[in-house]
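The values are calculated or read from the model by the stated rules, or taken from the named source; none is laboratory data. What you see is a predicted model; the values in this text were computed from it and never measured. All Cβ positions, glycine included, derive from the backbone under ideal geometry; neighbour counts span all protein chains shown. What goes into the accessible areas is simple: the full protein's heavy atoms, side chains included, and nothing from ligands, DNA or RNA. Shrake-Rupley method; radii C 1.70, N 1.55, O 1.52, S 1.80 Å.
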Amino acid sequence: MRIVVLAGGIGGARFLRGLQRASPDADITVIGNTGDDIHLFGLKVCPDLDTVMYTLGGGINEEQGWGRTDETFHLKEELAAYGVGPEWFGLGDRDFATHIVRTQMLSAGYPLSAVTEALCDRWKPGVRLIPMSDDRVETHVAVTLPDSGERKVIHFQEYWVRLRASVPAEAVVPVGAEQAKPAPGVLEAIAEADVILFPPSNPVVSIGTILAVPGIREAIADAGVPVVGLSPIVGDAPVRGMADKVLAAVGVESTAAAVAEHYGSGLLDGWLVDTVDGSTVERVEAAGIRCRAVPLLMSDLDAAARMAHEALTLAEEVRGA
Ligand code: FO1
């Protein structure tokens, strides 16, 4: 079975590990979000691609869900000693190697998709990881800074890591998305898929950014195969991260049903909500999206595998409908 998964960072990567367990023979293609990418110290950092690669490749810092395990920060300390920032983004020594190799290959003219394939040759994630685009897309967030009251547009990473999403996101802009083209292989993978999954990644800055690349949303809507998503919101709050902050920016309430309606029945055929949101199944089905309430807390690999199995089961129900 050919499965295509649109993935952001931590939630998407953990779901993918469960999907591999639930469907070990599946041919999985991951379309990775690159809107979180940031250029630091002259290097291109791709947080969501690296989180998928490290998580499935066995190198992830498990508690954090990002960065490498057994990490040290000598390079970061030395840069700080020279007064070279930013200090708020925790790049570790092992992680720096990934960004150096990536930047070296990009400078040599390789597209990000080829670079990602090369990096995955080492990590062997067991999926095909393709960036949503080879073109530069960087999510920025409009905020009113707490101390000065100044209104500013800042990089998503500054909003998420330095400000800890502590102020409302007044607008979320995937800069460059309109001009971006799907990376080679993205549209082909969608066209050849037997099922397409939206894992519990951030619906605005992760999955929303991938869908903002012209051609991708249309390809999924026209794929003619079941498209099933899992709610990242459980009991009106995001399981992890700051989905509620950015959902507000796009006028979507932080509920499992509102996220399904946000994606729309033109895109989604099926939607899994957590058992605590069982009462919302009716509202989602009224939106033309088949809905089931199942446990959605990805507390461990077995839980993630059960969720993946539920998503694939719902996809077959949708296909048979
Ligand atoms: N997240 C943090 O909360 N603090 C950090 O210092 C941090 C550093 C970091 C370095 C490399 C990387 O690939 C990811 C990093 N992240 C950090 C996570 C990152 O902000 C998020 O994983 C995604 O951008 C959102 O999913």
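With +1 on each Lys and Arg Cβ and -1 on each Asp and Glu Cβ, how big is the dipole of the chain about its Cα centre, in debye rounded to the nearest 20?
On the way: 26 positive and 44 negative charges, 45 e Å.
Roughly 220 debye for the chain.
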Which value, in Å² rounded to 10, gives the accessible area of Ser166 with a 1.4 Å probe and all protein chains present? 80
The chain, Kirkwood Rh and Cα Rg, ratio Rg/Rh at 0.95
Given the peptides 55-67, 74-86, arrange them by the average over their residues of other C-beta atoms within 10 Å, most packed first. 55-67, 74-86
Of the listed links Lys124/Lys181; Lys44/Lys245; Lys44/Lys76, those spanning more than 22 angstrom between alpha carbons are Lys124/Lys181; Lys44/Lys245
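Report the full-extension gain for the segment Glu87 to Asp27: residue separation times 0.36 nm, less the Cα-Cα distance, to one decimal in nm. Write down the numbers at each step before the final one.
On the way: separation 60, 0.36 × 60 = 21.60 nm, distance 3.98 nm.
Length gained, Glu87 through Asp27: 17.6 nm.
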Measure off 7 Å from each Cα along the Cα-to-Cβ vector at Glu253 and Lys124, then give the distance between these two points in nanometres to one decimal. 4.9
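Return the tail of the calculated pair distribution for the stretch 230-297, meaning the percent of Cα-Cα pairs more than 13 Å apart. Before the final figure, lay out the partial values.
Numbers: 1278 of 2278 pairs.
That fraction is 56 percent.
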List the residues whose amide H sits under 5 Å from the amide H of Gly241, counting only those 5 or more places along or on another chain, with H placed 1.01 Å from N in the peptide plane. none
Could you work out the local net charge near Phe73, counting Lys and Arg as +1, Asp and Glu as -1, over the other residues with Cβ closer than 15 Å to its Cβ? -4
Residue list for the stretch 228-254, given a label point 7 angstrom along the Cα-to-Cβ vector of Thr275 and an amide N cut-off under 17 Å: 231, 234-236
If I take all pairs of Cα atoms in the stretch 193-321, what percentage of them are more than 25 Å from each other? 16
How long is the stretch 104-222 along each principal axis, judged by its Cα atoms, biggest number first, in Å? 49, 37, 26
Whole-Hz ³J(HN,Hα) for each residue in the stretch 115-120, computed from phi via Karplus 6.51 cos²θ - 1.76 cosθ + 1.60 with θ = phi - 60°, x for glycine and proline: what do you get? 4, 5, 5, 5, 4, 6
Do the sum for the chain: with -39,500 (n - 2.57) for every DSSP H run of n ≥ 4, divided by all residues, what is the mean residue ellipticity at 222 nm, to the nearest 500 deg cm²/dmol? -10500 deg cm²/dmol
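Please compute, over every Cα-Cα pair in the stretch 205-258, the percentage with a separation greater than 14 angstrom. Intermediate results must be reported in sequence, preceding the final value.
Working: 866 of 1431 pairs.
Value for the stretch 205-258 (Cα pairs over 14 Å): 61 percent.
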At q = 0.21, 0.23, 0.27 Å⁻¹, the log10 of I(q)/I(0) for the stretch 168-209 from a Debye sum over equal Cα scatterers comes to -0.91, -1.00, -1.10
For the stretch 265-321 and the stretch 1-44, write down the distance between their C-alpha centroids in whole Å. 19
